[in-house]
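Step one of this worksheet: look at the structure below.
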Number of protein chains: 2
Amino acid sequence: MRINECADWLRRRNGFLILSHHRPDGDALGTAAALCRGLRILGKTAYILENPQTTDRYTPYLREYYAPAGYVPEHVVAVDLADEGILQVNARELYTGKIELAIDHHPSNTGYAKETLLMGDRAACGEIVYLLLMELLGGVDQETATLLYIAVTTDTGCFRYKNTNPGTLRVGAALLEAGAPIDLNRTLFMKKNRTRLILEASIINGLEFFMDGEACIGVITLEELERIGVTESDMEDIAVVAGSVEGVETSCTLRQVEERTWKVSVRTGEYENASRICAEFGGGGHGMAAGGTIDGSLEEAKAVVRAAVEKHWKER
Amino acid sequence: MRINECADWLRRRNGFLILSHHRPDGDALGTAAALCRGLRILGKTAYILENPQTTDRYTPYLREYYAPAGYVPEHVVAVDLADEGILQVNARELYTGKIELAIDHHPSNTGYAKETLLMGDRAACGEIVYLLLMELLGGVDQETATLLYIAVTTDTGCFRYKNTNPGTLRVGAALLEAGAPIDLNRTLFMKKNRTRLILEASIINGLEFFMDGEACIGVITLEELERIGVTESDMEDIAVVAGSVEGVETSCTLRQVEERTWKVSVRTGEYENASRICAEFGGGGHGMAAGGTIDGSLEEAKAVVRAAVEKHWKER
């Protein structure tokens, strides 16, 4: 589907429910709410289905779009959802196999929907919905711009990640012009809560380096999580911490989940061999970010991870 | 001066030397080198004066533009320099009072140069030189784009700071399109060296909060600097660490410089009263960032800072 075809598809219908993926991030939530708001401005009935895994920081932006209990949609739309298997948990039973339109930027989109607007070169799904709303409405209001700004900056680390491209920055410019507040960056990208910062400090202080400092292992024990008082939202994307050290190509984070069970996250840079490393202990993922689980003592788990990293060292 | 007038001024002259400010950042250095390169592409003789305070990360980009010993310029140009008083240290004796053209984005520019191209609404001086080179050359090559990308991202924290505006993002888009490598973000904004990270962890662990957690004081002692092995470049912009805690409006960093002497940095958020706080102990600066020096024991210095913060609490 092209953007204008997708716009036509939406124009000809009414009664929408918008879904996204489990463990939703700013792109999933911001894009869903922005599309919902745009459809309402177009005169449509549209809601998003409240995602039970939404973190607190996003909730204030979303409330007004939540579908009331008992809302029966005529058309179900998914955004930023690559695969029905990772649909938000409260939609799986009712809506699996019933998604009519998917708007997505994941090249890996499985084609689960009847119609798909897929733009695999876009850094964020928010960019696609921006273009779609420009087609539908000729512009975006300040609220919509704010939602889309949250979407675009989340998926690009506020324009820092490698996926940022000229198109991303141009959409960002248009959203600021439409009134998205630049102050959001401070809240979303430049502030961290105290427990998160103390957790990060603890990981940094405990880092062990190998391969001439080009690889490192960071550890988070249950005892420490307890001591610091860490909550689930403090743990978000915690694997980036070990990877933030200059000169480190491959970083591994071992998080204790039970006495003798460790969740491993591996992040790599230019060699993009994280999934091959994790496959060594039965895990998987992408080239730059993968994970798995190891049973054993901390020393045993570290040895397994280290051997896996060394085996695939600088393998592309 | 307008951009086209500045372009004409440069076109009619030759034999340039480009200067910038002391303790140069990526905007000062990237802008100077980009202008130099652009002038060379235009067929001119142009050099930058090597700045002895340049940090290692920038040197590889700059070497080919350094003026040879004994170079006698016909025209001296300054970029990103608000005040001749902060000229790079090795230019003060020779070039104070001799700057013919200033290209700057600081609204506070003192007008020290004969001609000034001042665009006070631009987030980075690099944006202005981009517009100038577009006027002079109709485009920028990959090398120039890279230098300007370093400039623009440095002054905006890679498009995160409050000064980022639609124009900044559009220039960023054009620079990426001209070949500036997005991978630079990883080196410049997502990686930190080990000692810096350990120093940050130590500051975080020692933070003391007051005013219901809306203010905090971080401390760096000489003993700690020694223990961690901190170098001057690890200390760059260290005051942001205490300010990165969620909920903190006013953050203070006390850095021991002698047994009983403390350098104080204050950062504030929306109240922008940092300079008034620091005036209490003889310091000064801007609304969001100011500093000063306090003599005494650590406890005495902390008490002075705390009293100053409390006195001006939430004063706008």
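Can you tell me which condition A:Tyr47 does not meet? The list is (1) touching a strand residue (DSSP E or B) at 6+ places or on another chain (Cβ under 9 Å); (2) open to solvent by less than 40 Å² (accessible area, probe 1.4 Å); (3) not small (Gly, Ala, Ser), and all the others hold.
That leaves (2) as the condition not met.
So which residues in segment A:100-116 are in contact with a Phe, Trp or Tyr (Cβ under 8 Å, 6 or more places away or on another chain) and either in a helix (DSSP H, G or I) or without any contact (Cβ under 8 Å) to a residue 40 or more places away in the chain (or both), if there are any at all? Lay out the reasoning, then the answer.
Applying the first criterion (in contact with a Phe, Trp or Tyr (Cβ under 8 Å, 6 or more places away or on another chain)) to segment A:100-116 yields A:101-102, A:115.
Within segment A:100-116, just A:Ala102 meets the criteria.
Among the residues of segment B:190-234, count how many are buried (at least 19 other Cβ atoms within 10 Å of the Cβ), more than 22 Å from the chain's Cα centre (by Cα), within 11 Å of another protein chain (Cβ to nearest Cβ) and of a type in the set (A, V, I, L, M, F, W, C).
Total meeting the criteria: 6.
Report every pair of residues separated by at least 6 positions or lying on different chains whose Cβ atoms are under 8 Å apart, first residue within segment A:1-29 and touching a residue at least 12 places away in the same chain (Cβ under 8 Å) and among the charged types (D, E, K, R), second open to solvent by 10 Å² or more (accessible area, probe 1.4 Å) and in a strand (DSSP E or B).
A:Arg13/A:His75
What is the residue count in segment A:144-166 for residues that are open to solvent by 20 Å² or more (accessible area, probe 1.4 Å) and among the small types (Gly, Ala, Ser)?
Adding up the residues that qualify gives 0.
Would you check which residues across segment B:145-167 are facing chain A (nearest Cβ under 8 Å) and assigned to a helix (DSSP H, G or I) and list them?
B:Pro166, B:Gly167
I want to confirm something. Restricting to segment B:14-45 and keeping residues that are assigned to a strand (DSSP E or B) and hydrophobic (A, V, I, L, M, F, W, C), which single residue is nearest to the chain's Cα centre (by Cα)?
Residues of segment B:14-45 assigned to a strand (DSSP E or B): B:16-19, B:21.
Applying the additional criterion that residues be hydrophobic (A, V, I, L, M, F, W, C) yields B:16-19.
On the way: B:Phe16: 23, B:Leu17: 21, B:Ile18: 17, B:Leu19: 15 Å.
Checking each candidate, the answer is B:Leu19.
Looking at segment B:117-143, which of its residues are open to solvent by less than 30 Å² (accessible area, probe 1.4 Å) and in a strand (DSSP E or B)?
Result: B:Leu117, single match.
With (1) over 21 Å from the mean Cα position of the chain (by Cα); (2) surrounded by fewer than 18 Cβ atoms within 10 Å (Cβ to Cβ) as the list, and B:Ala173 as the residue in question, which single condition is left unmet?
With respect to (1) over 21 Å from the mean Cα position of the chain (by Cα); (2) surrounded by fewer than 18 Cβ atoms within 10 Å (Cβ to Cβ), B:Ala173 is out only on (2).
Given the criteria more than 29 Å from A:Met288 (Cα to Cα), of a type outside the set (A, V, I, L, M, F, W, C) and either more than 9 Å from every other protein chain (Cβ to nearest Cβ) or out of contact with any Leu (no Cβ under 6 Å at 6 or more places or on another chain) (or both), does A:Gly179 qualify?
Numbers: more than 29 Å from A:Met288 (Cα to Cα): yes; of a type outside the set (A, V, I, L, M, F, W, C): yes; either more than 9 Å from every other protein chain (Cβ to nearest Cβ) or out of contact with any Leu (no Cβ under 6 Å at 6 or more places or on another chain) (or both): yes.
Yes.
How many of the residues in segment A:80-99 are assigned to a loop (DSSP other than H, G, I, E, B) and either open to solvent by 50 Å² or more (accessible area, probe 1.4 Å) or in contact with a helix residue (DSSP H, G or I) (Cβ under 6 Å, 6 or more places away or on another chain) (or both)? Walk me through how you get there before you give the answer.
Restricting attention to segment A:80-99, the residues satisfying the condition of being assigned to a loop (DSSP other than H, G, I, E, B) are A:80-83, A:88, A:96-99.
Imposing the further condition that a residue be either open to solvent by 50 Å² or more (accessible area, probe 1.4 Å) or in contact with a helix residue (DSSP H, G or I) (Cβ under 6 Å, 6 or more places away or on another chain) (or both) reduces the set to A:80, A:83, A:96-98.
Looking only at that region, the number is 5.
Given the conditions (1) touching a helix residue (DSSP H, G or I) at 6+ places or on another chain (Cβ under 8 Å); (2) within 27 Å of B:Cys158 (Cβ to Cβ), which single one is not true for B:Leu10?
(2)
Going by the structure shown, is A:Leu184 crowded, with 24+ Cβ neighbours inside 10 Å and either more than 7 Å from every other protein chain (Cβ to nearest Cβ) or without any contact (Cβ under 8 Å) to a residue 24 or more places away in the chain (or both)?
Working: crowded, with 24+ Cβ neighbours inside 10 Å: no; either more than 7 Å from every other protein chain (Cβ to nearest Cβ) or without any contact (Cβ under 8 Å) to a residue 24 or more places away in the chain (or both): yes.
So A:Leu184 fails the test.
From the residues in segment A:70-115 that are within 20 Å of A:Asp155 (Cβ to Cβ) and small (Gly, Ala, Ser), which one is farthest from the chain's Cα centre (by Cα)? Break it down into steps so the answer makes sense when it comes.
From segment A:70-115, those within 20 Å of A:Asp155 (Cβ to Cβ) are A:77-83, A:86-88, A:102-110; that's our starting set.
When the remaining residues are screened for being small (Gly, Ala, Ser), the result is A:78, A:82, A:102, A:108.
Numbers: A:Ala78: 15, A:Ala82: 11, A:Ala102: 17, A:Ser108: 15 Å.
Selected residue: A:Ala102.
If the Cβ limit is 8 Å and pairs must be 6+ apart or interchain, which residue in segment B:82-93 that is more than 19 Å from B:Tyr71 (Cα to Cα) pairs with which residue that is loosely packed, with under 13 Cβ neighbours inside 10 Å and modelled with pLDDT under 95?
Sorted first by the residue in segment B:82-93, then by its partner, the pairs are B:Ala82/B:Ser108; B:Asp83/B:Ser108.
The values are calculated or read from the model by the stated rules, or taken from the named source; none is laboratory data. Just so you know, these numbers come straight off a predicted model, no measurement behind them. Glycine also receives a Cβ, built like all others from the backbone with ideal geometry; neighbour counts cover every protein chain displayed. Surface areas here come from the heavy atoms of the whole protein model, side chains and all, with no ligands, DNA or RNA. Shrake-Rupley method; radii C 1.70, N 1.55, O 1.52, S 1.80 Å.
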